[in-house]
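Report on one structure; see the data block that follows.
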Amino acid sequence: MRIAVIGGGISGISTATLLNKHTTHDVVVIEKEFSIGGKAVTLKRGGYTIETGPNGFLDNKEEIKRMVEEFQFEENIIQSKDESRIRMVYSNSKLNLLPENPMRLLKGDFFSLKGKMRIFKEPFIKPNKDDETLEQFVTRRLGREVLDKLIGPMACGVYAGDPSYMSMDATFSRIKEIERQYGSLIKGLAKLMKEKKANAQSASGPFSAKLLSFKNGVGSFINHLSKKLNIIYGDVVSIEQTDRFKIILKNKKIDVDCVVFAVPSYSLSDILKNTDLDFSKILRKIEYAPLSVVSLGFEKEGMPDTVNSFGYLFDLNEIEDVIGVLFDSSIFENRALDNKLLVRAMIGGALRKESAQKTNLAEIATKELQRSANIHKPFEFFTKQIHTKAIPQYGLNHKEILKEKDNFEEEHKGIFITGNAFYGVSLNDCIKSSYRILEKIK
Ligand SMILES: Cc1cc2nc3c(=O)[nH]c(=O)nc-3n(C[C@H](O)[C@H](O)[C@H](O)COP(=O)(O)OP(=O)(O)OC[C@H]3O[C@@H](n4cnc5c(N)ncnc54)[C@H](O)[C@@H]3O)c2cc1C
């Protein structure tokens, strides 16, 4: 059987690699750009190793580690440095340290007295079993201050998202589950931490997963996986289904028996317009947040101590254009020469859509570093990556969209759909979906 995997990001490349290894099918990847990687590309410039998108993955999920082992890339895995455990939030016009155990935030002056008193009411608030937005959930259980200063910034950090749009079930399902199971987050988390300690695992709290990456960046893993793949570069515009499938590219047609789509949902919507207009319209309902990544290189000498950390996020009331700052060379080895610092500023996201498209991104990033991190040195290196549609946003309609996707696959035997628009945006989630597709096709 001949299989076309459309899309050469982590979802497409990992699916094709698995199909290649575990089946006897003839697999071809079709990618529209001149190179693979999609959002996950690593650039090497002037001694810096720059990620245009993801810079790592958490070690508390198995899928990517499983794939790394299966395709013998373990010796390239690197752990984040110890100093990267230091994370901050810019709030009250200063950088505030985030303890690894969020309960410790109740001790300092990060939250106001009123905010803390509101948190203490949490165990007495009735659970809501229905899905709701992140904003509704957090303000209902913990109060506005926790949303603005802690959970909202995290939503920006992971999804570049807007808490008033994001579905709890689709994005923070584990937290919602804790509410459903224990009736209270505080009670549930306390119980889980106790169990964790009893199991002699890390005692530093439920948010203590370690960030991992690869010596030569995330892109090096995708390049490694792709080595044995047959890749055709071309833009898929539509498909025709007869007893087989005809993949229509701008300048050629390819006949296959089975198609795996691993493209963003808006691209899939275009491709399927003639196959199923209703489903094509449903796919359009998945919104994307724009995000520009500005990478700046500096001489390290004379930099404030705050650069020796993971980076920081912003209190929702204090965001200007930048929604997150990462000190990449303090997170991982090999990202800059010893005397240099590599900083990435994330600009835009769902809360500042217009900021991602501005023309003076370097100026915006440097002004932010001056305001929030007291970095006044000029940069010696600059590059930017503008993702006009960076990260899919899972809203309250997400469950419904997944159901429609399943129905479409059911009605169109031989078509499979994966990619970060459906079952999670992290690299781990994407690879988990690839293993799922392998099981379906095998
Ligand atoms: C700035 C940023 C930082 C991130 N940081 C992290 C992080 O630290 N950790 C983490 O786990 N995740 C992170 N993510 C999320 C993660 O990187 C993405 O969810 C993941 O890389 C998406 O992979 P994908 O293959 O599903 O989609 P994509 O990477 O979007 O790949 C889709 C591919 O399909 C191709 N394509 C589109 N249309 C067509 C067509 N018509 N014909 C042929 N090919 C087509 C595209 O060119 C592209 O190569 C980040 C994302 C961004 C944007």
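Quick note: the coordinates plus some simple rules give every number you see, no bench work behind them. Treat the numbers as computed from the prediction; the structure is a model and nothing was measured. Quick reminder, even Gly has a Cβ in these numbers, built from the backbone with ideal geometry, and neighbours come from all protein chains shown.
For the pairs K94/K384; K227/K340; K176/K399; K116/K197, note any where the Cα-Cα span goes beyond 21 Å. Correct reply: K94/K384; K227/K340; K116/K197. Within a straight-line Cα-Cα reach of under 18 Å, K253 can be paired with the following lysines, leaving aside sequence neighbours fewer than 8 residues apart in one chain: K32, K273. Ordering I323, I437, L291 by Cα displacement along the dipole of the chain toward the positive end leaves I323 in first place; charges were set at the Cβ atoms of Lys, Arg (+1) and Asp, Glu (-1).
Once the chain from E410 to L277 is taken as fully extended at 0.36 nm per residue, the excess over their C-alpha distance is 46.3 nm.
Here segment 289-442 is assigned +1 on the Cβ of each Lys and Arg and -1 on the Cβ of each Asp and Glu. Its dipole about the Cα centre then comes out at about 380 debye.
Sorted largest first, the principal axis extents computed over the alpha-carbon atoms of the chain equal 68, 54, 45 Å.
Averaged over residues, the count of other Cβ atoms within 10 Å places the peptides 422-431, 78-87 in the sequence 422-431, 78-87, highest first.
Each part reduced to its alpha carbon centroid, segment 249-279 and segment 30-70 end up 25 Å apart. Along segment 406-411 the Karplus relation, 6.51 cos²θ - 1.76 cosθ + 1.60 evaluated at θ = phi - 60°, assigns HN-Hα couplings of 4, 4, 4, 5, 5, 7 Hz to successive residues, with x for each Gly and Pro. Relative to its residue count, segment 287-442 spans a Cα convex hull of 140 Å³ per residue. Across segment 211-312, Cα-Cα distances exceeding 22 Å account for 58% of all pairs.
Under the simplified labelling scheme, the F73-Y266 pair shows an inter-label distance of 2.7 nm, with each label point 7 Å from Cα along Cα→Cβ. Between the residues I347, N397, F379, the greatest Cα displacement towards the positive end of the dipole of segment 327-399, with unit charges on the Cβ of Lys, Arg, Asp and Glu, is found for N397. If R0 is taken as 35 Å, the Cβ-Cβ distance between D26 and T388 corresponds to a FRET efficiency of 0.50.
Between K227 and R180, full extension at 0.36 nm per residue minus the direct alpha carbon distance yields a gain of 12.4 nm. Each of the peptides 43-51, 406-414 was scored by the mean count of other Cβ atoms within 10 Å over its residues; in descending order, highest first, they stand as 43-51, 406-414.
Computed from the alpha carbon atoms alone, the convex hull of segment 57-194 holds 148 Å³ per residue.
Taking only the C-alpha atoms of segment 341-408, Rg followed by Dmax gives 17.5, 56 Å.
With θ taken as phi - 60° and the Karplus curve 6.51 cos²θ - 1.76 cosθ + 1.60 applied, the whole-hertz 3J(HN,Hα) list for segment 232-239 is 10, 9, x, 9, 6, 9, 6, 10 Hz, x standing for glycine and proline.
Relative contact order, whole percent, for segment 38-87 stands at 20, derived from Cα pairs under 8 Å and 6 or more residues apart. A Förster radius of 30 Å, combined with the Cβ-Cβ distance separating E240 from K353, puts the computed FRET efficiency at roughly 0.25. Across the chain, the mean sequence separation of Cα contacts (distance under 8 Å, 6 or more residues apart), normalised by length, yields a relative contact order of 26 percent.
As a rough guide to protection, the peptides 170-181, 274-285, 384-395 ranked by mean Cβ packing within 10 Å, highest first, stand as 384-395, 170-181, 274-285.
For D130 paired with K94, estimate the spin-label separation in nm (one decimal), with each label point 7 Å from Cα along the Cα-to-Cβ line. Placing both labels 7 Å beyond Cα along the Cβ direction yields 4.3 nm.
If the limit is 24 Å between Cα atoms, which of K358/K389; K210/K405; K246/K440; K389/K442 go over it? Exceeds cut-off: K210/K405; K389/K442. Averaging 1/r over every pair of different alpha carbons in segment 1-84 and inverting the result gives a Kirkwood radius of 14.9 Å.
When you restrict to C-alpha pairs under 8 Å that are six or more residues apart and normalise by the size of segment 96-150, the relative contact order lands at 33 percent.
Residues in segment 412-422 carry Karplus couplings, in order, of 10, 4, x, 10, 10, 10, 9, x, 6, 7, 10 Hz; the curve used is 6.51 cos²θ - 1.76 cosθ + 1.60 with θ = phi - 60°, and Gly or Pro positions show x.
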